[in-house]
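Visitor: Take this structure first; my questions come after.
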Amino acid sequence: MAITGRLTMTNQTSIHGILAEFDSVDGILHAAEKVKQEGYRKWDCHTPFPVHGLDGAMGIRQTRLPWLVLVMGFAGCSGGILLQWWTNAHDYVFRISGKPDWSLPANIPVAFEMTILFAALTAFFSMWILNGFPRWYSPLFRAKCFTRATDDRFVLAIDARDDLFGEETRKLLESLSPNTIEMIEAPIEDGKIPLRLKGMLGIALTLLLLPPAMIANARFTKSTQPRVHIVPNMDTQVTHRGQEASDFFADGQAMRLPISGTYAQEDDRLIGEQVGFWTGKENGAYLSSIPMDVTPEFEDRGRARFGIYCSACHAVNGSGQGTVHLRAQELLSKTWVGPTDLRTDAIKQQAPGQLFESISNGIRNMPSYSSQIPAADRWAIVQYLKESL
Amino acid sequence: MNHTAPTYSADFATAAASRLSRAGFLCGVVGLAVAIGLGLAEGDHMRHFWLSYLIAFAFVLTLGVGGLFFVLIQHITGAKWSVTVRRQAEFAIGTIPFLAFLALPLLVPLFSHEGVEEFGGLLWSWVHPHGDHAALITSKVPFLNVNFFVGRFVGYFLIWSLMARYFKNASIEQDKTGEHELTVRMRTRSALCLIVLALTYSFAAFDLLMSTDPAWFSTIFGVYLFGASFLAIHCFLVLSTLYYQRQGHLKKMVTIEHYHDLGKLMLAFTIFWAYIAFSQYMLYWYGNIPEETAWYLIRITSPWTNWSWIEPIGHFFIPFLGILSRHIKRKPPLLGFWAFYILVVHYIDLYWLVAPNLYPDTVPFNGVEVFALIGVVGLFLWKYGQQAKQHSLLAHRDPLISDCLAFQNY
């Protein structure tokens, strides 16, 4: 048994700890048992491979990591659900084809992913933190016998910061018949980040602050320049809104009408005679009645179609205070022209044919709905507007 | 390092297996007799009894074929942890030829002319297409007809029985010869067998259970049943191991670590089952296409609503939270409780898959189901016990057994 390392402390160095090297699993297991019995707390074993029973011999408690993962998993799950509730069902209500504003099945995939994301990231980073990472360097690396701890030797290291650390410690280790005992001296500045690295980190952090600073700047200043397009998507394609002018076509309109002779296949009513059913007009005058049988089913259908197609702008009660309107007011209050209040006399007095025409062809900045709503359903909406709203 | 591997001795549990076998036989005969009696008393052409029998049969089929999946997966992955419990799964797959015999009574509702006018077939309404979907179902007749149906099941059971025979016998042969080559050969062959098994089991799931509503289809149905089966076999192995340990066997050979591993796979496949079940539900919910949602509509409307709630809560949330903690997985009696619980909800799941198709307006569940299940599971245990009577409970000369016993969970 050879003993290396200086015992005396100099002014420049302090003792970091003491190492004992063993050449068998049994040796380190026995040593670990003894060190545990003596009541040491700040010590560790370094082995080239996982040694069965070492955790028990060292008296290592079960990690608390699972509890952290559990709590954060639940947090991710409820956070995911809360996020979807707030964005889809509370702050800006999505109404899509008559589905409920808030429905759990649609939210489960996101909640599931968030649970896993939170749990996995917590497991990964908590494991780092609990193990004292990130740590670039340990004074143990300087010990001569430590080089074989990743190869064929088993090393037990007791930290000098342990309350029981002293001359007794060396005697204890000697009694365990190790190959070698080695003292490790740690320089006083040990553990400090080098100045050069600090500088580099500072520069990197400053650079990292630039993008958020630029975003904050853009958020609170006004500019006449178009906004920066990082992801252009299809924002700048050449499109026209309903009722806009266009130089491209001879009639000056952006919206196109079906070419002459086109007729809808949904119904064979338009064979010559019932032009009013399709246009709302007969001989240049608006129809004064609905050209269909008004049944309870027809009225129900009108209410349902109104809910699906119209209520997003005109609101369910026809007041014109629909979700799109409310949101548009928040975003561009000055330029936005709100939807018409459908309950006013000006609307109520219009002939059914005129209302039908407005839905079919659009009016002011409301686009045409003839491609989305079949004619019979448009009449059902007219019926609903006239009689029930 | 060069050292001689420790040797392990065979573990014959003849007495314990005989007891299990006898009790199973008794339960089987009494259970089925009572179920038939109760079924006859209902005077519905035995339709209710056949439903109960079908579900009970599907239940033991998930254990038998689930065992085959288990054995194949252990071989293809070269799994070391499972060597000491694998023999019990090999006994389970040894029952597959007997399961084919248990399937024979189902020919009665298939060929019976009783109730055909009323229901279109006692269990499978495609036997005699009628009602609103007659035209749709008639278009499926090239696949769904009685002869091809029977032919397919002959094929499935032939393939499964051959696989089961090979893997069981090879493992038992190793008990005698200790030949390492057998392990290598089983590993090589397990790859192709797994592909064939996955395909045949998927189609068997379509045929046996999904076609009770011939208008409905779900391509994930086979995966759903696989998930349920793989979950069930792990639960079964926990209970079986607990039984043999109580009887004084496998004492040192199955440790807390093995229970822990079985528990981890129970947890994993509880989640996998929920993942598949929810995937199917959510796509249909989103698509909202009448021909697909009809299947769920009868399940989420009265009187099946409450049964349907058992699925997400009883089959996922409760067992998920129940076996999440490692402390529970490492306490065999507690894990045994959860294994039993999961097998109960597994039965409810199978029942929920089929019964509403035949009885959309009532929940027919009563003593017939209970006694049919006791009967069929009893007969399964009878055969299971007979296998265990003849062979060692432990694949004691498997080359991986030392690794299996050295393994520890952290």
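The values are calculated or read from the model by the stated rules, or taken from the named source; none is laboratory data. For clarity, every value in this text was computed on a predicted model and none was experimentally measured. Ideal geometry is used to build each Cβ from the backbone, glycine not excepted, and the neighbour counts take in all protein chains shown. Please note that ligands, DNA and RNA were not included when accessible areas were found on the heavy atoms of the full protein model with its side chains. Shrake-Rupley method; radii C 1.70, N 1.55, O 1.52, S 1.80 Å.
Visitor: Starting from residues that are more than 30 Å from residue A:306 (Cβ to Cβ) and open to solvent by less than 70 Å² (accessible area, probe 1.4 Å), keep the ones in segment A:79-99 and report whichever is farthest from the other protein chains (Cβ to nearest Cβ).
Guide: Per the stated criteria, the residue is A:79.
Visitor: Additional query: Would you be able to tell me the number of residues in segment A:100-114 that are open to solvent by 40 Å² or more (accessible area, probe 1.4 Å) and either within 11 Å of chain B (Cβ to nearest Cβ) or farther than 16 Å from residue B:283 by Cβ (or both)?
Guide: Selection size over segment A:100-114: 9.
Visitor: When you check residue B:278 against the structure, is it assigned to a helix (DSSP H, G or I), under 20 Å from residue B:325 (Cβ atoms) and without any contact (Cβ under 8 Å) to a residue 60 or more places away in the chain, yes or no?
Guide: Against the criterion (assigned to a helix (DSSP H, G or I), under 20 Å from residue B:325 (Cβ atoms) and without any contact (Cβ under 8 Å) to a residue 60 or more places away in the chain), residue B:278 does not qualify.
Visitor: Right, something else. How many residues are more than 14 Å from chain A (Cβ to nearest Cβ), open to solvent by 50 Å² or more (accessible area, probe 1.4 Å) and not charged (D, E, K, R) if we restrict to segment B:244-288?
Guide: So the count comes out to 1.
Visitor: It is to be established whether one or more residues within segment A:90-111 are closer than 24 Å to residue A:71 by Cα, in the same structural domain as residue A:182 (by TED's automatic domain parsing), hydroxyl-bearing (Ser, Thr, Tyr) and out of contact with any strand residue (DSSP E or B) (no Cβ under 9 Å at 6 or more places or on another chain).
Guide: Within segment A:90-111, none of the residues are closer than 24 Å to residue A:71 by Cα, in the same structural domain as residue A:182 (by TED's automatic domain parsing), hydroxyl-bearing (Ser, Thr, Tyr) and out of contact with any strand residue (DSSP E or B) (no Cβ under 9 Å at 6 or more places or on another chain).
Visitor: Next up: Which members of segment B:302-338 meet the condition of being assigned to a loop (DSSP other than H, G, I, E, B) and not polar (S, T, N, Q)?
Guide: B:303, B:304, B:323, B:324, B:330, B:331
Visitor: Does residue B:303 qualify as being more than 23 Å from residue B:238 (Cα to Cα) and away from chain A (no Cβ under 14 Å)?
Guide: For residue B:303, the condition - more than 23 Å from residue B:238 (Cα to Cα) and away from chain A (no Cβ under 14 Å) - is met.
Visitor: Mind checking which residues of segment A:151-171 are out of contact with any strand residue (DSSP E or B) (no Cβ under 8 Å at 6 or more places or on another chain) and part of a helix (DSSP H, G or I)?
Guide: Those that are out of contact with any strand residue (DSSP E or B) (no Cβ under 8 Å at 6 or more places or on another chain) and part of a helix (DSSP H, G or I): A:167, A:168, A:171.
Visitor: For segment A:35-65, what are the residues that are surrounded by fewer than 16 Cβ atoms within 10 Å (Cβ to Cβ), part of a helix (DSSP H, G or I) and within 14 Å of chain B (Cβ to nearest Cβ)?
Guide: Hits for segment A:35-65 are A:56, A:65.
Visitor: Next question. For residues that are out of contact with any Leu (no Cβ under 9 Å at 6 or more places or on another chain) and touching a residue at least 12 places away in the same chain (Cβ under 8 Å), scanning just segment B:332-344, find the one that is farthest from the other protein chains (Cβ to nearest Cβ).
Guide: B:341
Visitor: Of the residues that sit in segment B:68-87 and are among the β-branched types (Val, Ile, Thr) and assigned to a helix (DSSP H, G or I), which one is most open to solvent (accessible area, probe 1.4 Å)?
Guide: B:76
Visitor: Continuing with this model, one more query. Looking only at segment A:115-132, how many residues end up being assigned to a helix (DSSP H, G or I) and open to solvent by less than 50 Å² (accessible area, probe 1.4 Å)?
Guide: Residues meeting the conditions: 5.
Visitor: Only one of (1) on the phi < 0 side of the Ramachandran plot; (2) surrounded by 14 or more Cβ atoms within 10 Å (Cβ to Cβ); (3) not β-branched (Val, Ile, Thr) is not met by residue B:139, so which one is it?
Guide: Just one mismatch for residue B:139, condition (2).
Visitor: Does residue B:90 satisfy the criteria of being of a type in the set (Asp, Glu) and assigned to a helix (DSSP H, G or I)?
Guide: yes
Visitor: Right, something else. Of everything in segment B:339-364, what is open to solvent by 20 Å² or more (accessible area, probe 1.4 Å), over 17 Å from the mean Cα position of the chain (by Cα) and within 24 Å of residue B:66 (Cβ to Cβ)? Give them in sequence order.
Guide: The answer is B:357, and nothing else.
Visitor: Hey, among the residues in segment B:360-384 that are in contact (Cβ under 8 Å) with a residue 60 or more places away in the chain and part of a loop (DSSP other than H, G, I, E, B), which one's nearest to the other protein chains (Cβ to nearest Cβ)?
Guide: B:360
Visitor: If residue B:317 passes every condition in (1) closer than 28 Å to residue B:266 by Cα; (2) open to solvent by 40 Å² or more (accessible area, probe 1.4 Å); (3) within 11 Å of chain A (Cβ to nearest Cβ) but one, which one does it miss?
Guide: Status for residue B:317: all satisfied but (3).
Visitor: Further question on the same structure: For segment B:169-193, what are the residues that are part of a helix (DSSP H, G or I) and open to solvent by less than 30 Å² (accessible area, probe 1.4 Å)?
Guide: Listed by number, the residues that qualify are B:170, B:171, B:172, B:174, B:175, B:182, B:183, B:186, B:190, B:193.
Visitor: Another question about this same structure. Can you list the helices (runs of 4 or more DSSP H) lying wholly within segment A:299-389 that have 3 or more residues being modelled with pLDDT of 85 or more and within 16 Å of residue A:280 (Cα to Cα)?
Guide: Correct list: A:352-361, A:375-387.
Visitor: Across segment A:274-298, what is the total count of residues that are part of a loop (DSSP other than H, G, I, E, B) and not β-branched (Val, Ile, Thr)?
Guide: Count: 10.
Every residue, every condition in (1) part of a helix (DSSP H, G or I); (2) open to solvent by less than 60 Å² (accessible area, probe 1.4 Å); (3) under 22 Å from residue B:350 (Cα atoms), yes or no:
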site	(1), (2), (3)
B:18	yes, yes, no
B:35	yes, yes, yes
B:40	yes, no, no
B:49	yes, yes, yes
B:55	yes, yes, yes
B:65	yes, yes, yes
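Visitor: Scan segment B:132-168 for residues that are more than 20 Å from residue B:111 (Cα to Cα) and modelled with pLDDT under 90 and jot them down.
Guide: If the condition is that a residue be more than 20 Å from residue B:111 (Cα to Cα) and modelled with pLDDT under 90, then B:132, B:133, B:135, B:136, B:139 are the ones that fit.
Visitor: Another question, then. Only one residue in B:146, B:150, B:223, B:238 is under 30 Å from residue B:11 (Cβ atoms) and either open to solvent by 30 Å² or more (accessible area, probe 1.4 Å) or touching a residue at least 24 places away in the same chain (Cβ under 8 Å) (or both). Which one?
Guide: Within the list B:146, B:150, B:223, B:238, the selection yields B:238.
Visitor: Also: How many residues, within segment B:289-314, are free of Cβ contacts under 8 Å to residues at least 40 places away in the same chain and open to solvent by 40 Å² or more (accessible area, probe 1.4 Å)?
Guide: Qualifying residue count for the region: 11.
Visitor: On to the next question. If I filter segment B:385-407 for residues that are part of a loop (DSSP other than H, G, I, E, B), surrounded by fewer than 22 Cβ atoms within 10 Å (Cβ to Cβ) and within 14 Å of chain A (Cβ to nearest Cβ), do I get at least one hit?
Guide: yes
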